[in-house]
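The values are calculated or read from the model by the stated rules, or taken from the named source; none is laboratory data. What you are looking at is a predicted structure, and each value in this text was computed from that prediction instead of being measured. Backbone-built Cβ (ideal geometry, glycine too); neighbour counts: all protein chains shown. All accessible areas refer to the heavy atoms of the entire protein, side chains included, with ligands and DNA or RNA removed. Shrake-Rupley method; radii C 1.70, N 1.55, O 1.52, S 1.80 Å.
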Amino acid sequence: GDLLPADGILIQGNDLKIDESALTGESDHVRKSVDKDPMLLSGTHVMEGSGKMVVTAVGVNSQTGIIFTLLGAGGEEEEEKKEKKGG
């Protein structure tokens, strides 16, 4: 399975199945089609089929980037508090 590098909307697909377990924790492959569930998310893997998508977000603006930013934000605040107390 190819790793999707960006978020996007499926505009053409052929029997596309995506492994979204990295984001959702669900182990079942999700069937994607233009008519039903066309959102493709970065960090997920293509398990079957093929398709074309229009990229809607990359990097920190993608769903994966937002999650990592939110997870990292708590750690940065803790480090800043420690630095203030130590100084």
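Side notes on the structure shown:
- Taking amide H atoms as placed 1.01 Å from N in the peptide plane, the amide H of Thr44 lies under 5 Å from those of Leu4, each 5 or more residues away in sequence or on another chain.
- ³J(HN,Hα), Karplus 6.51/-1.76/1.60, whole Hz, each residue of the range 10-23, x for Gly, Pro: 5, 10, 7, x, 9, 6, 7, 10, 10, 8, 9, 4, 5, 9
- Taking trypsin sites (Lys or Arg not before Pro) across the range 1-43, the ones in a DSSP loop with at most 15 further Cβ atoms lying within 10 angstrom of their Cβ are Lys36.
- Carbon + sulfur, % of accessible area of the range 2-74 - ligands and nucleic acids excluded, 1.4 Å: 57
- Electrostatic bookkeeping for Glu48 treats Lys and Arg as +1 and Asp and Glu as -1; over the other residues with beta carbon under 13 Å from its beta carbon, the sum is -1.
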